[in-house]
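Student: Starting off with a structure, shown below.
Derivation of every value follows stated rules applied to the coordinates shown; laboratory data play no part. All values derive from a computational prediction rather than experimental measurement. So basically every Cβ, Gly included, is an ideal-geometry build from the backbone, and we count neighbours across all protein chains shown.
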Amino acid sequence: MAIEMNKEVSQGKVEQRIVYESGNEMAAYAAHQINYHIMGYFPISPSTEVAQFLDLMKANGQHDITLIPADGEHGSAGVCYGASTAGGRVFNATSANGYLYMLEQMPVQSGTRFPMVMNLVCRSVSGPLDIHGDHSDLYYALNTGWPILMCRDPQAVYDMNLMALKLAEDPEVRLPVLVASDGYFTSHQKRRVQTFAKREDVHAFVGAQPPAGFPDTLDRNNPITVGPYMNEPDYINNCYQQSAAMYSAERVYDRIRQEYAELTGRDYPILDLYRMDDADVAVFLLNSASEIIKDVVDQLREKGIKAGSIAPNMIRPFPQKAIADALKNVKALTVGDRADSYGGHGGNMVNEIKAALFTHGNTNTMVISRIYGLGGKDFYAEDGHNLFQFALDAVAKGGVDVPFDYYGHTAGDPAKAPKRVLNPMKYEDLKSGLITVKQDETTGKLNVRIPPLRALTKKPKRIAPGHGACPGCGIFSGLELFFKGIEGDIVALFHTGCAMVVTTGYPYSAHKATYIHNLFQNGAATLSGVVEMFWERKRRGELAHLNLPDDFTFVMITGDGGMDIGMGPAIGAALRNHKMIILEYDNEGYMNTGAQLSYSTPMGHRTSTSNVGTKQGGKVFHHKDTAQIMAATHIPYVFTGSEAFPQDLVRKAAKAQWFAQNEGLVYGKILIACPLNWLSEDQQGSNIVGAAVDSCFFPLYEVEHGVTTITYNPEDKSKKIPLSDWLKTMGKTKHMTKPGYEESYKMFEAEVERRWNMLKAKHESPYL
């Protein structure tokens, strides 16, 4: 069917252009046109792309936004809050558990009335872990005091982002605003979108910044106190004023959207009503599914059924009266919630709709609640027909048989219950007896003897083959080599990351030993709880029936930037000195979400949020030395390792186990290759990490009771290579040795040399 462009393209007063982009791209595009001052961010799927696109534009000089990569979503929210108090325009984007991690900051932002705009790219909240789109994170936002605008497609993402800033900064509102779109459905699917052709027209619409009279912590002539302690009478008054501002947002938004419609020809009324004038039955849905249901409405109308659909463009403030008015003649309504309010007999939307009907005297419209589409489960026209059928059945029967239920779930089949594929590993196979660790009675140092590595090949692998890692991934070769030095049974906790995702695709698991998953920010604390429960239950004699020949070795595996957001709990576990091992596989970025920079990414290296262009040459600050940070907590043992030096790593693993079973916490860091995101050859991983050691970028050493020992010195063996030789092995760093990036390279080289010389000094003196 030919497209009639005059009907497809909106007509307005400003010059517009047509692009073909996704929702994430349009959020970034709107932000770059506004040219915010600050974006604090942290990568999490599916919102990560927003920062990526902005960083790519930044590298090419297309905007002036300062992009601040935080140590976690909680930190990114703090960055944004601080920036907003200082009188500028602030932007952010997040999803799911990332939003929940920053949740305590959300009421602070709104309660102190500092505007900003944040895109919530909606995604399932774990656990279990699911990264696809539903509204379980969105529903947590309902009580934070932020007006919430809804986006059914990429066009709406662009338009709402422009209107959101104007709404946030309106003197009657002065609140931070959330712009919500559906993860993957809207965020990643490309659609035709119209945009303002000229940035000056965007600025004319959103208005001057900052609006007169806004508080500003940088105004020395008018010092202010932000967020004071309040007693009851003042606090309730503050909340009342915030509440009044929230309800004003509905009226202000209505004014803004009319102005926007006049400029662009695109209108977003508070309620998107489709064929509701004479509807007998209707369906209420949010965002992307609300477009699909319109086709179903048309199909039912062709059959003579008076169907209609309702979708709000704003859910905070909740358009209570508008919904009650729209439903006054409707006989039955099915409300689809893409998240459950567990125990509330329906999701948040259905219960607010019921309250709206009751408040405005409608006791006739029957309401059916269905939870649908969780975890990104697709919604098709067939599903829309089924939702309408619930309403039609209620009309036919004169009542609702099942007021609340899930839609789209399936009954379990006991015959198909997951069965154990791999038998538990035998203790005698895990305890080779070939590795000995003894403590010197005089010096207290450990003496480790390991056999030739071929003698350890009979030990079973802790992780079964069949995981879904990329070709050449160094995680599992590195982990298995480390595990060769561990004797007996382990309990492993994996942070979210590549190692976790590719080994546990339900209903399968590649883990032969007991495995636990928790999020970046809480893995160390979680395993601490497991460890202490083990020792307490053992003390009480509750584990005697297990006949344990030896104590467990507890190991937490982290990587993919896990020691950014997870650093605080790791330090806490270290200070408490639990008997466990934290092993970091360092792949120099957030590889599981698309290679964003982490604090372990070295200076100058290219990632998807430290792009290379005419105005930027990769990451602009130095990498974090987690091994040295953990050594400063005075734990018994810290080490670095590499699969390129296998005997060294196995020996350190054996020492790590002894310390973890006898004295306390151990921290180990192994550098592993990520060919996909390092832009290197699959088969060259071991050579590349070996070159990192020989260039002294990743030195091999251990810190035993505060005493540092370099376990391999390439200078002593005449094997040290120039740092540039290592950088040339990877596509992500080849630019660093080319003209135009000399300053970044020299700064990186100087820092590598400084850290290496500092390490040699510590090696020479037990007091450093």
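Student: For the pairs Lys655/Lys717; Lys624/Lys732; Lys58/Lys746; Lys438/Lys652; Lys431/Lys458, flag any whose C-alpha to C-alpha distance is greater than 21 Å. If you can, show how the numbers build up before the last one.
Tutor: Numbers: Lys655/Lys717 25 Å; Lys624/Lys732 19 Å; Lys58/Lys746 23 Å; Lys438/Lys652 13 Å; Lys431/Lys458 11 Å.
Those over the limit are Lys655/Lys717; Lys58/Lys746.
Student: Highest first, please rank the peptides 562-573, 376-387 by the mean number of other Cβ atoms sitting within 10 Å of their residues.
Tutor: Details: 562-573: 23.7, 376-387: 17.3.
Sorting 562-573, 376-387 by mean packing, highest first, produces 562-573, 376-387.
Student: Let me ask something else about it. Between Ala455 and Asn364, what length comes free when the chain is fully extended (0.36 nm per residue of separation minus the Cα-Cα distance, one decimal in nm)?
Tutor: Details: separation 91, 0.36 × 91 = 32.76 nm, distance 7.86 nm.
Contour length minus the Cα-Cα distance gives 24.9 nm.
Student: Mind checking which lysines have their C-alpha under 22 Å from Lys13, skipping anything on the same chain fewer than 8 residues away?
Tutor: The reachable lysines, counting only those whose Cα sits under 22 Å from Lys13, are Lys166, Lys198.
Student: Which of rounded, prolate or oblate describes the stretch 120-276 when judged by the alpha-carbon gyration tensor and an a/c cut-off of 1.5?
Tutor: Numbers: a/c = 1.84, a/b = 1.26, b/c = 1.45.
Cα axes put the stretch 120-276 in the oblate bin.
Student: For a quick check: with amide H placed at 1.01 Å from N, whose amide H comes under 5 Å from Asp272's, ignoring anything fewer than 5 positions away on the same chain?
Tutor: So Asp272 has HN proximity to Ala311, Asn313.
Student: Which of Gly183, Val90, Ser288 sits closest to the plus end of the dipole of the chain, meaning its Cα is farthest towards the positive end, when Lys and Arg get +1 and Asp and Glu get -1 on the C-beta?
Tutor: Gly183
Student: Given the C-alpha centroids of the stretch 53-102 and the stretch 518-595, what is the distance between them in whole angstrom?
Tutor: That distance is 30 Å.
Student: Tabulate in residue order the Karplus-calculated ³J(HN,Hα) for the stretch 386-395, using 6.51 cos²θ - 1.76 cosθ + 1.60 with θ = phi - 60°, rounded to whole Hz; enter x for Gly and Pro.
Tutor: 5, 5, 5, 4, 4, 5, 5, 5, 5, 5
Student: Let me ask you something else. Filter the trypsin sites (Lys or Arg not before Pro) in the stretch 5-49 down to the DSSP loop ones having no more than 14 other Cβ atoms within 10 Å, then list what survives. Provide the component values of the computation, followed by the final result.
Tutor: Numbers: sites: Lys7, Lys13, Arg17; in loops: Lys13.
Answer by residue number: Lys13.
Student: Determine the dipole magnitude for the chain: charges of +1 sit on the beta-carbon of Lys and Arg, -1 on that of Asp and Glu, nothing else is charged, the reference point is the Cα centre, and the result goes in debye to the nearest 20. List each step's numbers first, then the result.
Tutor: Values: 75 positive and 85 negative charges, 319 e Å.
Rounded to the nearest 20 debye, it is 1540 debye.
Student: Quick one: Trp146, Trp535, fewest Cβ neighbours within 10 Å first, how do they rank?
Tutor: Working: Trp146 25, Trp535 13.
If I rank by nearby Cβ atoms, fewest first, I get Trp535, Trp146.
Student: Oh, and also: Any chance you could check the Cα centroid distance between the stretch 390-422 and the stretch 690-768 for me, in angstrom?
Tutor: After rounding, the separation between the Cα centres reads 60 Å.
Student: While we're looking at this one, here's another question. If you average over every viewing direction, what projected area does the convex hull of the Cα atoms of the stretch 215-275 give, in nm²? Walk me through the intermediate numbers first.
Tutor: Details: hull surface 30.5 nm².
Value for the stretch 215-275: 7.6 nm².
Student: Can you work out the Karplus-derived ³J(HN,Hα) for every residue in the stretch 131-146? Use 6.51 cos²θ - 1.76 cosθ + 1.60 with θ = phi - 60°, whole Hz, and x for glycine or proline.
Tutor: So the Karplus estimates, Gly and Pro as x, are 9, 9, x, 8, 10, 5, 6, 4, 5, 5, 7, 4, 10, 8, x, 9 Hz.
Student: Using r as the Cβ-Cβ distance of Gln189 and Met747, and R0 as 35 Å, what FRET efficiency do you calculate, to the nearest 0.05? Please list the in-between numbers first.
Tutor: Details: r = 41 Å, r/R0 = 1.17.
Given R0 = 35 Å and the Cβ-Cβ separation, E is 0.30.
Student: By a straight-distance test (C-alpha under 18 Å), which aspartates and glutamates pair with Lys461 as possible cross-link partners, with residues fewer than eight away in the same chain excluded?
Tutor: Filter leaves Glu428, Asp429, Glu480, Glu487, Asp489, Glu643.
Student: Could you give the size of the charge dipole of the stretch 175-279 about its Cα centre, using +1 on the Cβ of each K and R and -1 on the Cβ of each D and E, expressed in debye and rounded to the nearest 20? Numbers along the way, then the final one.
Tutor: Working: 11 positive and 15 negative charges, 112 e Å.
Here the size comes out at about 540 debye.
Student: Take the alpha carbon gyration tensor of the stretch 101-179, find the square roots of its eigenvalues, order them as a ≥ b ≥ c, and report rounded if a/c is under 1.5; if not, report prolate when a/b exceeds b/c, else oblate.
Tutor: oblate
Student: Sequence gap at least 6, Cα distance under 8 Å: using those rules, report the relative contact order of the stretch 590-664 to the nearest whole percent. Each step should come with its number before you reach the end.
Tutor: On the way: 78 pairs, mean separation 14.2, N = 75.
Over the stretch 590-664, the number comes to 19 percent.
Student: Based only on other Cβ atoms within 10 Å, what is the fewest-to-most ordering of Val367, Val50?
Tutor: On the way: Val367 23, Val50 29.
Least to most surrounded, the residues fall as Val367, Val50.
Student: Relative to the longest principal axis of the C-alpha atoms of the chain, give the angle of the C-alpha long axis of helix 567-576, reported between 0 and 90° and rounded to the nearest 10°.
Tutor: So the inclination is approximately 50 degrees.
Student: Here is a further query. With point charges of +1 on the Cβ of Lys and Arg and -1 on the Cβ of Asp and Glu, referenced to the Cα centre of the chain, which listed residue (Gly40, Asn362, Ala245) lies farthest in the positive direction of the dipole?
Tutor: The one lying farthest along the dipole's positive direction is Gly40.
Student: For the stretch 434-496 and the stretch 296-358, what is the centre-to-centre distance using only Cα atoms, to the nearest Å?
Tutor: Cα centroid to Cα centroid, the span is 57 Å.
Student: Quick one: Thr708, Thr737, Thr48, fewest Cβ neighbours within 10 Å first, how do they rank?
Tutor: Values: Thr708 21, Thr737 16, Thr48 26.
Placing the least packed residue first, the sequence is Thr737, Thr708, Thr48.
Student: Might you report the magnitude of the Cβ-based charge dipole of the stretch 271-406 about its Cα centre, with Lys and Arg at +1 and Asp and Glu at -1, to the nearest 20 debye?
Tutor: Values: 14 positive and 18 negative charges, 71 e Å.
Magnitude of the dipole: close to 340 debye.
Student: If you don't mind, there's one more thing I want to ask. Estimate the FRET efficiency between Asp298 and Gln62 by the formula 1/(1 + (r/R0)^6), using the beta-carbon distance for r and 51 Å for R0, to the nearest 0.05. Walk me through the intermediate numbers first.
Tutor: Numbers: r = 41 Å, r/R0 = 0.81.
That gives a FRET efficiency of 0.80.
Student: Another one. Using a Cα-Cα cut-off of under 16 Å, which lysines could be cross-linked to Lys328, ignoring same-chain neighbours fewer than 8 residues away?
Tutor: Filter leaves Lys306, Lys354.
Student: What shape does the stretch 271-406 have by the C-alpha gyration tensor, where a ≥ b ≥ c are the square roots of the eigenvalues, rounded means a/c under 1.5, and otherwise prolate means a/b greater than b/c and oblate the rest?
Tutor: Working: a/c = 1.21, a/b = 1.04, b/c = 1.16.
Because its axes are fairly even, with a/c under 1.5, the stretch 271-406 counts as rounded.
Student: Among Ser477, Thr633, Met603, whose Cα lies farthest out toward the positive end of the dipole of the stretch 437-727, if unit charges sit on the beta carbon of Lys, Arg (+1) and Asp, Glu (-1)?
Tutor: Ser477
Student: Follow-up question, since we're still on this one. Can you pull out the GluC sites (Glu not before Pro) in the stretch 531-570 whose DSSP state is coil and whose Cβ has at most 16 other Cβ atoms within 10 Å? Intermediate results must be reported in sequence, preceding the final value.
Tutor: Values: sites: Glu532, Glu536, Glu542; in loops: Glu542.
Filter output for the stretch 531-570: Glu542.
Student: Could you calculate the contour length gain from Ala632 to Thr442, that is, 0.36 nm times the residue separation minus the distance between their Cα atoms, to one decimal place in nm?
Tutor: Separation in residues times 0.36 nm, less the Cα-Cα distance, equals 65.9 nm.
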